[in-house]
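The structure appears right after this line, and notes come after that.
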2 protein chains.
Amino acid sequence: MSARLLIEYDGTAFHGWAAQPGLRTVQEELERALAVVSRGPLKLTVAGRTDAGVHALGQVASHEGDPVSARSLNALLPDDVAVLESTAAPEGFDARRDALSRTYVYRVRLHRERTALQRDRVLDWRYPVDRDLLDACAANLIGEHDFEAFTLSKEPYISHRRTIDRSQWVERDGLLEFWVRADSFTRRMVRSLVGYQLDVARGAWSIEQFTELLAGAPRSAGGRAAAAHGLFLAEVAYPITAMDGSPSG
Amino acid sequence: MSARLLIEYDGTAFHGWAAQPGLRTVQEELERALAVVSRGPLKLTVAGRTDAGVHALGQVASHEGDPVSARSLNALLPDDVAVLESTAAPEGFDARRDALSRTYVYRVRLHRERTALQRDRVLDWRYPVDRDLLDACAANLIGEHDFEAFTLSKEPYISHRRTIDRSQWVERDGLLEFWVRADSFTRRMVRSLVGYQLDVARGAWSIEQFTELLAGAPRSAGGRAAAAHGLFLAEVAYPITAMDGSPSG
């Protein structure tokens with residue numbers, strides 16, 4: 001038996017997902033609560049290793065053994081992380097390896113002095129934005145590309161090829177949202193996609209410069225990533241057989 | 001010349017709007033910034049004196065003299081309060097007296113373990129909710145009533161009669177929102193309206209009991225107000241003549 005957790009967190013006060021000695025991380029808080037409830041250490045595998053300041057609406061993590069009660073975990077967790085569901089998964093379910101896709105949303109607020117209520121949740125952007133250029137950039141992202149220029153990587157020999165099948169700017173509640181779905185993402189990829197697109201939309205780059213980056217240009221050809229606090233891991237998708245809690249096959 | 005400020009704030013770390021010795025309040029933070037920018041003390045008059053923990057999307061305050069720059073004020077303000085607009089208003093404009101109506105929204109989240117990202121912004125409500133009963137309660141609120149049973153008041157001889165012209169439960173983004181507009185509100189009135197309606201919707205009160213309270217029942221007949229952190233002052237409306245920045249009349 002394996003177990004699957006659906007997790008929401010406010011990334012503001014965390015040094016990201018992954019456990020790091022001496023730093024407060026989401027993984028560490030969850031594993032500490034899990035160890036109490038399950039009466040023994042359990043290691044979590046996660047679908048998306050979010051960086052410091054990045055939030056999650058629907059992060060997914062897995063562990064071996066029986067699922068424990070979400071309510072019991074929440075009673076032990078600090079208030080900036082919440083377990084929304086804790087369910088049985090097929091033996092060997094792995095939240096990272098089994099994921100078919102990850103969906104992120106990045107929220108931008110335009111033309112306002114600044115926000116108080118959403119200050120850790122949206123990017124305040126004061127530059128002009130040509131919406132047509134944003135839409136053209138987003139359309140060019142669909143398909144398989146080499147995202148080295150969009151990657152903060154300490155491992156230069158790994159592949160940066162990823163396939164994007166949703167890439168869309170949407171207006172909602174007075175905010176501009178960038179929704180993007182891919183098989184997986186390289187490190188800092190979504191924030192780079194947003195930052196570079198915004199630079200095109202304010203006229204600092206041409207759309208041709210942006211598009212050329214998608215053919216495996218080096219990191220040094222890239223621009224500035226958008227700040228972490230506008231980014232949310234929205235959803236992770238799995239095949240039905242990995243989700244029904246019964247033995248696969 | 002008078003000036004009008006449109007203000008957003010996160011009420012979490014404030015002891016409400018109104019200045020109180022030794023406590024951190026929105027009024028105190030704003031008046032401190034205003035005094036620096038305008039080089040002299042200025043007193044603010046506010047449309048809605050929100051309590052501790054209550055938020056504002058569109059609070060309005062007024063002061064005498066010329067408007068100062070919103071950007072200058074924001075540079076001096078802490079990040080949980082933001083001036084969205086600072087504009088000229090007709091001589092003598094008074095944000096409290098001239099307001100035609102106030103609109104509040106209260107946000108409730110149902111049937112989820114709990115929320116991390118919106119923990120200071122919505123009420124987590126785990127009881128059953130009969131939506132038809134909520135809608136029936138809301139419909140009964142329209143019109144003029146005596147809200148003494150909905151009022152936390154230290155002044156028993158003032159009138160609690162108010163006129164509600166919008167009262168509506170709406171589902172949005174997985175949340176249940178109660179929108180209410182009235183000429184003005186008594187103290188703790190919106191939170192009491194929400195708390196009592198939720199008690200009807202979970203079957204603790206009958207709708208007849210709720211409706212009887214609207215005829216001026218004493219405070220002791222009332223129930224429990226909903227928590228402050230789900231409440232937002234959404235909007236304040238003024239007559240056109242008080243808003244155009246030219247002399248009235």
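Taken together, the values in this text are just the output of simple stated rules run on the coordinates, not laboratory data. Keep in mind it's a predicted model, so treat the numbers as computed, not measured. For neighbour counting, all protein chains shown are included, and Cβ atoms are generated from backbone atoms with ideal geometry for every residue, glycine included.
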Work from the charge dipole of region A:1-118 (Cβ charges, +1 for Lys and Arg, -1 for Asp and Glu, about the Cα centre) and give the residue of A:Trp17, A:Thr103, A:Gly48 farthest towards its positive end. A:Thr103
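How high is the FRET efficiency from B:Arg187 to A:Ala237, r the C-beta distance, R0 41 Å, rounded to 0.05?
Working: r = 48 Å, r/R0 = 1.18.
It comes to 0.25.
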Once you keep just the Cα pairs under 8 angstrom separated by 6 or more residues, what percentage relative contact order results for region B:124-224? 37 percent
Grab the DSSP H runs of the protein assembly as shown that are 4 residues or longer, score each as -39,500 (n - 2.57), total them, divide by all residues and round the 222 nm result to the nearest 500 deg cm²/dmol. -6000 deg cm²/dmol
At 7 Å out from Cα toward Cβ: B:Glu171 inter-copy label distances (nm, ascending): 2.7
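Across the residues of A:109-115, average count of Cβ atoms on other protein chains within 10 Å? Let's see the in-between values first.
Working: counts 0, 0, 0, 5, 12, 10, 6.
Across A:109-115, the average partner-chain Cβ count within 10 Å equals 5.
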Label point 7 Å beyond Cα along the C-beta direction, distances from B:Gly143 to other copies (nm, shortest first): 6.5
Can you list, shortest first and in nm, the gaps between the label point of A:Arg32 and those of its counterparts in the other copies, using a point 7 Å from Cα in the C-beta direction? 3.2
Efficiency of FRET from Cβ geometry, B:Ile158 and A:Arg161, R₀ 51 Å, rounded to 0.05: 0.15
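Starting from the Kirkwood Rh over alpha-carbon pairs, what translational D in µm² s⁻¹ does the protein assembly as shown have by Stokes-Einstein at 4 °C and 1.567 mPa s?
Details: Rh = 25.3 Å.
In µm²/s, the coefficient rounds to 51.
What FRET efficiency comes out for the pair B:Ser72/B:Arg97, r = Cβ-Cβ distance, R0 = 35 Å, nearest 0.05?
Working: r = 27 Å, r/R0 = 0.78.
The computed FRET efficiency comes out at 0.80.
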What residue among B:His111, B:His160, B:His55 has the largest mean-square fluctuation in a Gaussian network model of chain B, using Cα springs under 10 Å? B:His111
Take the alpha-carbon centre of region B:97-124, take the same for region B:185-234, and report the distance between them in whole Å. 15 Å
For the B-to-A rotation axis, chain B residue with nearest beta carbon and its distance in angstrom: B:Asp173, 4
